[in-house]
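Data block below; observations after.
Computed from the coordinates by the stated procedures, all read-outs in this text should not be read as laboratory data. Source: prediction; values computed, not measured. So basically every Cβ, Gly included, is an ideal-geometry build from the backbone, and we count neighbours across all protein chains shown.
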Amino acid sequence: MKIEYSHETILRVRYSETDQMGYCYYGNYAQYFEVGRVELLRSMGISYKTLEIQGIMLPVSSLSIKYKAPAKYDDALKIITNITELKGARLNFDYTIFNEDGQLLATAETGLVFVNKETMRPTSAPDNFTSLISKHEIQSK
C-alpha cells in the first residue's frame, strides 16, 4: 500500500559529530534518519520497543543518500521523514534534511524489513501496525 504520512524532527549537530572543519561527518546522517523514523512511528502511536516486545525487528535493508550541502557544528537540523510504502514485509521511508536557514542538506531513502525476532526471517507487519498505517493509505483513483 502507498502511504502518505510525514513527521518533522529537530536535532542539533553536536561537536562530537563534526570533523576538524566543523562539518558533520557523513556517517552520522544514517543516525539522524533513524531518529526521524523512530519519532515518526511514535507520532503514529507505535514504538520500536512495542514491536520488539511483539517479537518483531525492523532492520534496515537499504539506504541511499544524496548530500547537497554540509551540516555544521551547532546547526539545528529539521528532518522530515515520510513513510512511503508498505509492501509485504517491506516498509519504505524517505527523508529530507534542512538547516535552520532552510537550505536543503540531504535527501535519502531507506527500506526496512519486518523480521520475526526468533527466526530472523521476514514476516508480515503486525496487525496493530497495519491498522495504524492504513489510516494514511493513498487511495488509487
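Per-residue ellipticity at 222 nm from helix content only, as computed over the chain with -39500 (n - 2.57) for each DSSP H run of at least four residues, stands at -6500 deg cm²/dmol.
The GNM of the chain, with springs linking C-alpha atoms under 10 angstrom apart, assigns the highest mean-square fluctuation among ILE80, ILE53, ILE65 to ILE53. Here the chain has an Rg and Dmax of 16.0, 52 Å, counting Cα atoms alone.
Close Lys pairs in segment 66-141, defined as Cα atoms under 27 Å apart and 8 or more places apart or on different chains, number 8.
Taking chymotrypsin sites (Phe, Trp or Tyr not before Pro) in DSSP loop conformation with at most 14 other Cβ atoms inside 10 Å as exposed sites, the chain has its longest uninterrupted site-free stretch at 27-141. Counted by Cβ distance under 14 Å from TYR48, the other residues give a net charge of +1, where Lys and Arg count +1 and Asp and Glu count -1. With springs only between Cα atoms under 10 Å, which of GLU85, GLU109, GLU52 fluctuates most in a Gaussian network model of the chain? Of the options given, GLU52 has the highest mean-square fluctuation.
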